[in-house]
1. Kirkwood hydrodynamic radius of region 3-73 from all distinct Cα pairs, in Å?
2. Roughly what angle does helix 23-67 make with the longest principal axis of the chain, taking Cα atoms, 0 to 90 degrees, to the nearest 10?
3. Could you work out the local net charge near Glu51, counting Lys and Arg as +1, Asp and Glu as -1, over the other residues with Cβ closer than 14 Å to its Cβ?
4. What is the local net charge at Thr101, summed over the other residues whose Cβ is closer than 13 Å to its Cβ (Lys, Arg +1; Asp, Glu -1)?
5. So for the chain, taking the charge dipole from beta-carbon charges (+1 Lys/Arg, -1 Asp/Glu), which of Asn15, Ser87, Asn35 sits furthest toward the positive end?
6. Given just the C-alpha atoms of region 44-137, how large is their convex hull per residue in cubic angstrom?
7. Is any residue of region 101-123 close enough, with backbone N under 16 Å, to a label point placed 7 angstrom from the Cα of Arg91 along the Cα-Cβ axis, and if so, which?
8. Using only helices, what value at 222 nm comes out for the chain when you add -39,500 (n - 2.57) per DSSP H run of length 4 or more and divide by the total residues, to the nearest 500 deg cm²/dmol?
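We did not get these values from a lab; they are worked out from the coordinates using the rules stated. Because the structure is predicted, anything quoted here is derived from the model rather than measured. When we count neighbours, we look across all protein chains shown, and the Cβ atoms used for this are built from the backbone with ideal geometry, even at glycine.
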Amino acid sequence: MSEFTDILTHARRLNAATKDLSVTELQEVMAKLENIIEQRKEEEAEQQRAEAAKLADIERIRKDIEAAGLNPEDILGAPSRAPVKRSQRKRAPKPAKYEYTMSNGEKRTWTGQGRMPKPIQKALNQGKKLESFLIKK
């Protein structure tokens, strides 16, 4: 919600925001808000009339189709089938390419994708080569 809307919908905030306005200015604001409310009411009524007319047309057409002994598929064609969703195959995990040792002595591996493990990054910062972590086959 915007700050303006938030102020308008909360009495205390609205009171604080309008405390510098005179009664005459507040009445002018009220008149403008009433005009906006009337416009919105007219717009909503027009939308409701248009929706009612649309539903009446649909019902009339439906009755005409039934009276003619037709099915909606005869006019619109066969119902379209939903696109067949292909099952996504899980890709095989990449084999580990590098091996490193954690600070607690635990040996771990890394595929070379994604974020570089901190022990490897630390060693590279100290001048060690990435090739030194390669798993020998």
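1. For region 3-73, inverting the mean 1/r across all distinct Cα pairs yields 16.4 Å.
2. Value to nearest ten degrees: 90.
3. So the environment of Glu51 carries a net charge of -3.
4. +3
5. Result: Ser87.
6. 276 Å³
7. Hits in region 101-123 for Arg91 at 16 Å: 111-115.
8. Calculated from helices alone, the mean residue ellipticity at 222 nm is -17000 deg cm²/dmol.
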